[in-house]
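Visitor: My questions all concern the structure below.
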Amino acid sequence: MTVVTVCVGSSCHIKGARQVIERFSELTKAHGLGSQVELKGSFCMERCGEGLNWQIGEEPITSGSVEEAVETFLRRLVPKA
Ligand code: FES
């Protein structure tokens with residue numbers, strides 16, 4: 001099980017954290033990853049200003065936009081067909 005944690009602090013919220021969670025949730029369902037990926041929200045990760053902050057496991061990730069976060073999610077977590 002991989003835990004994906006998305007910062008929902010105010011700075012990341014303004015940049016689209018809610019859409020990031022919605023898209024990650026849709027992708028998790030669409031690709032049948034429900035038993036492999038767990039989505040969580042987190043308070044401020046203290047990296048505000050850098051972009052949208054989230055983590056795959058313990059690895060910190062910063063994305064410049066919702067689309068960029070989706071691309072990273074697909075590349076890292078969705079097995080190639
Ligand atoms: S609000 Fe996301 S890092 Fe601070």
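The values are calculated or read from the model by the stated rules, or taken from the named source; none is laboratory data. Quantities reported herein were computed from a predicted structural model and do not represent experimental measurements. Every residue, glycine as well, gets a Cβ built from its backbone with ideal geometry; the counts of neighbours run over all protein chains shown.
Visitor: Has segment 27-45 got any residue that is in a helix (DSSP H, G or I), surrounded by fewer than 12 Cβ atoms within 10 Å (Cβ to Cβ) and more than 11 Å from the ligand (Cβ to nearest atom)?
Guide: Yes, there is a match, as at least one residue in segment 27-45 is in a helix (DSSP H, G or I), surrounded by fewer than 12 Cβ atoms within 10 Å (Cβ to Cβ) and more than 11 Å from the ligand (Cβ to nearest atom).
Visitor: Checking A81 against (1) over 10 Å from the mean Cα position of the chain (by Cα); (2) modelled with pLDDT of 95 or more: exactly one of these is not met. Which one?
Guide: If we test A81 against (1) over 10 Å from the mean Cα position of the chain (by Cα); (2) modelled with pLDDT of 95 or more, just (2) comes out false.
Visitor: Here is a further query. Quick one: would you say P60 is out of contact with any helix residue (DSSP H, G or I) (no Cβ under 7 Å at 6 or more places or on another chain) and in a loop (DSSP other than H, G, I, E, B)?
Guide: no
Visitor: Of all the residues that make up segment 46-71, how many are more than 16 Å from the ligand (Cβ to nearest atom) and either closer than 18 Å to M1 by Cα or of a type outside the set (D, E, K, R) (or both)?
Guide: 2
Visitor: Could you give me the residue pairs with C-beta distances under 6 Å whose first residue belongs to segment 1-29 and is within 9 Å of V66 (Cα to Cα), whose second residue is within 16 Å of the ligand (Cβ to nearest atom) and of a type in the set (V, I, T) wherever it lies, and which are 6+ apart or on separate chains?
Guide: Going by the 6 Å Cβ cut-off, the qualifying pairs are G16/V66; A17/V6; A17/V8; Q19/V66; V20/V6; V20/V66.
Visitor: For residues that are among the aliphatic types (A, V, I, L, M) and either part of a helix (DSSP H, G or I) or within 8 Å of the ligand (Cβ to nearest atom) (or both), scanning just segment 1-26, find the one that is surrounded by the fewest Cβ atoms within 10 Å (Cβ to Cβ).
Guide: Checking each candidate, the answer is I14.
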